[in-house]
Amino acid sequence: MGQFALQLSEFAKKAGQNADLVIKKVAIDILARVIQRSPVDTGRFRGNWQLTVGSPASGTKQATDKSGASTVEAGSKVIAKFEAGPDIYIVNNLPYGPRLEYEGYSKQAPAGMVRITVAEYQGLIAKALGEVPK
């Protein structure tokens, strides 16, 4: 936990007044990557990724989104209003999500979606820091 706290401290120093912007960029990058790594058959799994602020989404949606573009756009609209403070949640409540993530249930995403994206987290922060005005 100490190392993570140190990383957040360094992030805050580097981001300065642009912390909200960096957080927004990272959240959208994470959402987009998880969606694009999600297997697609009908598009329902991709369409069920939900980005919320303050508390995780509950329930599922009937939406289908084979490309993932509409789901990223919906998340972008939510995150546009974000100001530092509350937690950001990216969830998919379909019951077969854990099988896709952990059991190699899909040949399209045999190593999951979320775990791969989380491993890229530090790089996404560095990328976002490089994109904000100094």
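Couple of notes before you dig in:
- Matching residues in region 30-84 - criterion: being in a helix (DSSP H, G or I), under 20 Å from residue 101 (Cβ atoms) and modelled with pLDDT under 95: 30
- In region 91-123, the residues that are modelled with pLDDT of 90 or more and hydrophobic (A, V, I, L, M, F, W, C): 91, 94, 100, 109, 111, 113, 114, 116
- Residue in region 71-82 that is under 19 Å from residue 114 (Cβ atoms), charged (D, E, K, R) and touching a strand residue (DSSP E or B) at 6+ places or on another chain (Cβ under 8 Å) present: no
- Only one of 96, 102, 89 that is open to solvent by 70 Å² or more (accessible area, probe 1.4 Å) and more than 23 Å from residue 14 (Cβ to Cβ): 102
- Any chance residue 71 is open to solvent by 40 Å² or more (accessible area, probe 1.4 Å), touching a helix residue (DSSP H, G or I) at 6+ places or on another chain (Cβ under 7 Å) and hydroxyl-bearing (Ser, Thr, Tyr): no
- Residues in region 22-59 that are buried (at least 17 other Cβ atoms within 10 Å of the Cβ) and in contact with a Pro (Cβ under 9 Å, 6 or more places away or on another chain): 45, 46, 50.
Condition check ((1) within 13 Å of residue 31 (Cβ to Cβ); (2) within 16 Å of the chain's Cα centre (by Cα)) across all residues:
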site	(1), (2)
65	yes, no
68	yes, yes
72	yes, yes
87	no, yes
92	yes, yes
99	no, no
108	no, no
124	yes, yes
130	no, no
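- Candidate set from region 124-134 (those that are surrounded by fewer than 14 Cβ atoms within 10 Å (Cβ to Cβ) and part of a loop (DSSP other than H, G, I, E, B)); member that is modelled with the lowest pLDDT: 134
The values are calculated or read from the model by the stated rules, or taken from the named source; none is laboratory data. Small disclaimer: the values here were computed from a predicted structure and weren't measured. Here the Cβ is made from the backbone with ideal geometry for all residues, glycine too, and neighbour counts use every protein chain on show. Surface accessibility is based on the protein's heavy atoms, side chains included, excluding ligands, DNA and RNA. Shrake-Rupley method; radii C 1.70, N 1.55, O 1.52, S 1.80 Å.
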